Each structure stands twice: as structure tokens, then as C-alpha cells.
Amino acid sequence: MRLARAFICLALMLGTAGCGGRPVGVLVPSGSADGASKVDLLVATTRAPSDDPGILFTGERARQLSLTEIVVSIPPEENRTVGQVQWPKKLPPDPSRDFSTVSVKPIEAGSQTQAWLKGHLPRNRRVLIFVHGFNNRFEDAVYRYAQIVHDSGAEVAPVIFTWPSRASIFDYNYDKESTNYSRDALEELLQRASKDPAVAEITLMAHSMGSWLTVEALRQMAIRDRRVAPKITDVILASPDLDVDVFSQQMQAMGKDRPKFTLFVSRDDRALTVSRRIAGNIDRLGQIDPTVEPYRSQLEKAGITVLDLTALKGGDQLNHGKFAESPEVVQLLGNRLIAGQTVTDSDIGLGERVGAVALGTAQTVGSAASVAVSTPIMIFDPRTRQNYDDQLRRLGQSMENTVGSAVAP
């Protein structure tokens, strides 16, 4: 009964925080507007095609991978809210204020795909592949990824892998099995991109249940080839709906030469709370506290960086999409994580820098002020964690000295 009530509450929250009656079928090309930006995506999917040109692909499963080029128009900056997909309230959309579709073009695997990559790779020749999460229609995934690419300002060739989701809270198990169904196809996409001589590096970013699919595909690749393709350098898991014990085994299967992993976690993620109950009350990776054992030591040993977004205010009642909705986070994505850079700089961890700026005390980086618990984004990488401990110890000593001076005769 508790689980049933949890499902009902989650369904109500999704109904409130979700589409809100917005029109479905936005993928019919409807142009752009003066001052609007365009994001050109390569979309790979294991979804079955739809007869409706506004939907393109359904939540059912296809027997083979399909590839499509979709260009999305983003409204001019003066009409934008960073971190939000501005869905049209009616069709056709108003491109000056709404996200809209500019063009849709099917692409064949092989020479056409290679030509698209060659034409869209930036000078760094980096590809970003995004895998969406649970409860996503095809258009949800495409528009959300266009928003992430635009708002992060990342210099990448943007590719999205979208798997069959029925976009219903009551189809959790179907969606989960759809990720398993799509493992081979995602591995195939990763292999193709890795073997393309024009591509230098690949960053993988996955959200929610898409994290399971992503890590499973990498594990499968490592078992098959005895390693993950070297061009896959970075993996970002946002609110990962992953059993922590299973994730540990998956990481071991990838071996020592695995990509660099970064996690976005939030202990107030309500969607993962329900997922945990469904999964037998085992902790979900996206809800862990990286400062407590055994996670602290395990993350340290594995060299995994964790961005704790618990103190950030989410844009929905589930707190499940903070990674895409927070301007601070999308800037981090664009400036460092997606760019394949470490999240430390010089002798000061980036977590300390962000914390200090958030508190309005940038000049005190390295002092006790930058470990205040009110910091909205805490970034725990090996360097930051070490400095964090040192600062806490110094802060404790300082407080002892202050108290001692106050009571001294």
C-alpha cells in the first residue's frame, strides 16, 4: 500500500510539473525568428516510427536504429529563461517566444552520418552524446537536449540517443526493460563514433534511467573489447537511477582504463525516492551523500567527482532535473565537464571556488568561509575533498581558540 501511494503521489506531481496541457506534436517544421538561435542535432533512436509527422517516433520498440537530423530553434535571449524549455501553448509555435522545429531530415548510417559529423565537429573535434531518462516522449528528449546544448555553450557536435519510453509513470518497468533492449544499439552508436577518424573525443551524458543504459553499454563494450574505447574520455551521470551496488560491479567490469566519471546527486530527488522503494530499498546512486561512508571512501578510490545539488532549488516538484535547469550547473557543463576538463584548477578545488562565489566571499577562497553548509553546489573531487577536510579542521581549531580566548582570565 505504501508503494501504491508513492506511485499515486508521484503521478500527481508529474501531472502538475509536467506538460500541463501543452500541445503534443511539435516536430512539424515551423521555422525560426529574427535573433533566434539554432541547435542542429543528430538523433539516434530505437523507437518505432510514428505516422504523425509532429511526433515522428512513438514509445514502442523498433527492430533497428534510426538516425535523423533535427534542427531546433531557440527564442532570442531577451525572451528566454535559461534552463527552461519554452514549450508552445498552441500550434504552430511562435518562434520568437517558443522552441520550434526548423527541419527534420532522415539520415542513413555510414557516409551520411560521417558527413554530418564532419560538418558539425568544432575545432576540438569533440562529440557529446546525451541519453535521456524515464518518462520522456521523443520530443521531450529532443527539445531538452537542445536546451542543454544551447545554454551550456559547449563546443561539441551534439548527438542524442533516445530509447523507447512510453512517457507514463505507470510504465516504469516497460521503460526499464526498454533500456536493456537498447544496450546493443547504444554500443553500436558509440563504436561508430569512436572509429570515425574525424572524432577526437567523446563525452557521454545521461539522465536518470538513461544512466543505467549508458553504464551497461560501456560495461558491455569493455567485456567485448577488453576496454572502453579510448576516445570515450568522460561520462556524466545526472540523477542516476542506478543501484549503488550494481554500479560498483559495472565500474569494476570496465577495468582501470575506464572513462572519467562525474555524478550529479541530490538527496531531495523525489523520483529516485520512489525508484528506491521499487528496487527493494537499495540506495540509488543519484541520492547518495558523498560526504559519508562508505560512499566517501569508495568515490575517492575510484576517482569519481560528485556535484551535490541538494541545496539548489529545483524547477519541478520532483527535484529530478536540476542539472539542466540551474544556470550555474549548465555553465559548469559547458565550461568544464563537457569540455573534458578536470573540475580542479591550480591548488584550489573548483568546489571551493563555486562555494565562495555563491557566498559572496570570492576573496576568502581557501578560508573557513568557503566550507559553509549553505553553499548551493558542493563539488567533491579528490582535491576538493582533501582541502575541504583541511579547512574543516582549521575551522574547528579556530573556533576552539576563539572560545578559549573568550573564557580565559
- Message: In whole Å, what are the extents of region 162-205 along the principal axes defined by its C-alpha atoms, from largest to smallest?
- Response: 43, 17, 10
- Item | Cα-Cα separations in region 196-236 greater than 17 Å, expressed as whole percent | 34
- Using θ = phi - 60° and the Karplus curve 6.51 cos²θ - 1.76 cosθ + 1.60, what whole-Hz ³J(HN,Hα) does each residue of region 85-90 get, with Gly and Pro shown as x? 8, 8, 6, x, 7, 8
- With DSSP loop assignment and no more than 15 other C-beta atoms within 10 Å, the trypsin sites (Lys or Arg not before Pro) in region 89-167 are LYS89, LYS90, ARG123
- Note on the structure: Length gained, ASP257-LYS301, 0.36 nm per residue minus C-alpha separation, equals 14.4 nm
- Query: Using r as the Cβ-Cβ distance of ASP34 and LYS105, and R0 as 22 Å, what FRET efficiency do you calculate, to the nearest 0.05?
  - Reply: 0.40
- Query: When the convex hull of the Cα atoms of region 129-277 is projected onto a plane and the area is averaged over all directions, what value comes out in nm²?
  - Reply: 8.8
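With a ≥ b ≥ c the root eigenvalues of the C-alpha gyration tensor of region 78-205, is it rounded (a/c under 1.5), prolate (a/b larger than b/c) or oblate?
Cα axes put region 78-205 in the oblate bin.
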- P(r), alpha carbons of region 169-243 - 10 Å bins starting at zero, rounded %: 19, 50, 25, 6, 0
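Under 1.5 on a/c is rounded, so check that first for region 20-69, then, if it is not, pick prolate when a/b is larger than b/c and oblate when it is not; a ≥ b ≥ c are the square roots of the alpha carbon gyration tensor eigenvalues.
oblate
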- Query: Label-point separation (nm) for ARG267 and VAL246, each offset 7 Å from Cα along Cα-to-Cβ?
  - Reply: 2.5
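In region 184-263, which trypsin sites (Lys or Arg not before Pro) fall in coil by DSSP and have 11 or fewer other Cβ atoms within 10 Å?
ARG226, LYS256
Taking a 18 Å limit on the Cα-Cα distance, which of the listed pairs LYS38/LYS90; LYS260/LYS301; LYS176/LYS256; LYS38/LYS195; LYS256/LYS301 fall beyond it?
Pairs exceeding the cut-off: LYS38/LYS90; LYS176/LYS256; LYS38/LYS195.
Provide the gained length on full extension for the span GLN84 to ARG123, in nm with one decimal, where the gain is 0.36 nm per separating residue minus the Cα-Cα distance. Write down the numbers at each step before the final one.
Numbers: separation 39, 0.36 × 39 = 14.04 nm, distance 2.82 nm.
Gain on extension, GLN84 to ARG123, equals 11.2 nm.
A short reminder: the numbers here are calculations on the coordinates, not readings from a lab. Worth saying up front: this structure is predicted, and the values here are computed from it rather than measured. Using ideal geometry, Cβ is built from the backbone for each residue, glycine included, and neighbour counts are taken over all protein chains shown.
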